[in-house]
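Data first, discussion second: the structure below is written as structure tokens.
The values are calculated or read from the model by the stated rules, or taken from the named source; none is laboratory data. All figures in this text were calculated on a predicted structure; none of them were measured in a lab. Positions of Cβ are generated from backbone atoms using ideal geometry, with glycine treated the same way; all protein chains shown enter the neighbour counts. Just so you know, the surface numbers come from the protein's heavy atoms only, side chains and all, with ligands and any DNA or RNA stripped out. Shrake-Rupley method; radii C 1.70, N 1.55, O 1.52, S 1.80 Å.
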Amino acid sequence: MATILIVDDAAFMRMMIKDILVNAGLQVIGEAENGLQAVEKYQELKPDLVTMDITMPELDGIQALKRIREIDPDANVIMCSAMGQQALVLEAIQSGAKDFIVKPFQKERVVETIHQLTESIK
């Protein structure tokens with residue numbers, strides 16, 4: 001089973017994503033509330049997949065994505081963006097994000113996106 005790290009500066013968002021993933025039978029092994037923590041947790045936990053918020057304090061999601069991909073070029077990162085952040089989503093994809101999901105989350109879209117990526121990991 002694929003392991004997942006959830007990164008978002010809002011605790012309620014992390015909880016919402018975790019609930020969606022756990023209810024879909026996926027394994028969440030860690031959480032981080034900013035980009036710096038995300039990079040540290042990635043190195044420590046070595047998850048199969050990361051859900052990464054774009055807008056965060058300390059280090060934003062795109063910078064964290066770039067650092068994680070320096071550590072592991074094969075890292076699987078899905079960016080989470082608010083509506084209207086198309087330019088940032090495009091930059092994230094160009095920086096190596098595998099996909100993106102838009103807030104407010106549609107449960108089916110989140111699960112479908114993660115399942116598509118985790119199928120290719122197995």
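If a/c stays under 1.5 just call it rounded; otherwise compare a/b with b/c (prolate if a/b is bigger, oblate if not). Do that for the range 3-58, with a ≥ b ≥ c from the square roots of the Cα gyration tensor eigenvalues. Kindly include the intermediate steps, with their values, before the conclusion.
Working: a/c = 2.51, a/b = 1.22, b/c = 2.05.
Verdict is oblate for the range 3-58.
For the range 45-122, the solvent-accessible area of protein heavy atoms averages 53 Å² per residue (probe radius 1.4 Å; ligands and nucleic acids excluded). Taking every alpha-carbon pair under 8 Å whose residues sit at least 6 apart, the chain reaches a relative contact order of 24 percent. Magnitude of the charge dipole for the range 1-85, about its Cα centre and with charges confined to Cβ atoms of Lys, Arg (+1) and Asp, Glu (-1), is about 140 debye.
Here the gap between Q27 and K107, fully extended at 0.36 nm per residue and compared with their Cα-Cα distance, gives a gain of 27.2 nm. Computed with a 1.4 Å probe over protein heavy atoms only, the accessible area of L88 comes to about 60 Å².
In this label model, E70 and L45 are separated by 2.2 nm, measuring between points 7 Å along each Cα→Cβ vector.
By its C-alpha gyration tensor, with a ≥ b ≥ c as the square roots of the eigenvalues, how is the range 68-122 shaped: rounded for a/c under 1.5, else prolate for a/b larger than b/c, else oblate? Don't skip to the end; give the middle numbers.
Working: a/c = 2.84, a/b = 1.12, b/c = 2.54.
Taking the square roots of the gyration eigenvalues as a ≥ b ≥ c, the range 68-122 is oblate.
Which of rounded, prolate or oblate describes the chain when judged by the alpha-carbon gyration tensor and an a/c cut-off of 1.5? Intermediate results must be reported in sequence, preceding the final value.
Details: a/c = 1.25, a/b = 1.10, b/c = 1.14.
Rounded shape, in that the Cα axes give a/c under 1.5.
Across M52, M83, M13, mean-square fluctuation computed from a Gaussian network of the chain (C-alpha pairs under 10 Å connected) peaks at M83.
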